[in-house]
1. Dividing the Cα radius of gyration by the Kirkwood radius, what Rg/Rh value follows for the chain?
2. If you average the C-alpha positions of the range 6-75 and of the range 83-115 separately, how far apart do those two centres end up, in angstrom?
3. Of all chymotrypsin sites (Phe, Trp or Tyr not before Pro) in the range 1-100, which ones are in loop regions per DSSP and have a Cβ with at most 14 other Cβ atoms within 10 Å?
4. When a/c is below 1.5 the answer is rounded, else prolate if a/b is larger than b/c, else oblate, so apply that to the range 1-49 with a ≥ b ≥ c taken from the square roots of the Cα gyration tensor eigenvalues.
5. On a 0 to 90 degree scale, rounded to 10, what angle separates helix 71-113 from the longest Cα axis of the chain?
6. Looking at the range 13-83, which GluC sites (Glu not before Pro) are in a loop (DSSP not H, G, I, E or B) and have at most 14 other Cβ atoms within 10 Å?
7. Among SER8, THR99, GLN64, which residue has its Cα positioned farthest towards the positive end of the charge dipole of the chain, with +1 placed on the Cβ of Lys and Arg, -1 on the Cβ of Asp and Glu, and the dipole taken about the Cα centre?
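Rule-based calculations on the coordinates, nothing more; no lab input. Quick caveat, the model's predicted, so the values are computed rather than measured. Using ideal geometry, Cβ is built from the backbone for each residue, glycine included, and neighbour counts are taken over all protein chains shown.
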Amino acid sequence: MTFFTRFSPLRATRDLRFFLSQRRPHELGFLVLAIVVTGLLLIGFMTDSRVEKAYTPDIVYVQQWRLDRTDAEIRAQQKIDQPIKDKAIAEQKKREAETQAEFKRLDDKLEAWGL
């Protein structure tokens, strides 16, 4: 812990000013350029690191049906449920087609580059 007892912000600032005063103008320019480029990279990583909220589907584990249902009641319920099921399947196929098209575009770009 003796290191921190010898540390003085005033002396550190004075030492930095002395070091920078001994540098040539082009060296200071490159220092500023290096700081700016590094800062831009860090800012880019920070803005790109946002995480989207995870998808939480509505899960139905068990549907309870009466034991005394007739075949007509079962068919009627199937007719009610079928459009909902068809819509969900169509949406899933649409998402899969969009993803497939994105990968196809990426593959075409990579082939154009020779990869």
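1. Rg/Rh: 1.41.
2. With the range 6-75 and the range 83-115 each reduced to a Cα centre, they are spaced 28 Å.
3. Numbers: sites: PHE3, PHE4, PHE7, PHE18, PHE19, PHE30, PHE45, TYR55, TYR61, TRP65; in loops: PHE7, TYR55, TYR61, TRP65.
Those that pass, being in a loop and sparsely packed, are PHE7, TYR55, TYR61, TRP65.
4. Details: a/c = 4.78, a/b = 1.37, b/c = 3.49.
Oblate, since a/c reaches 1.5 and b/c is not below a/b.
5. With both axes taken from Cα atoms, the answer is about 30 degrees.
6. On the way: sites: GLU27, GLU52, GLU73; in loops: GLU52.
Sites meeting the loop and neighbour criteria: GLU52.
7. So the residue furthest toward the plus end is SER8.
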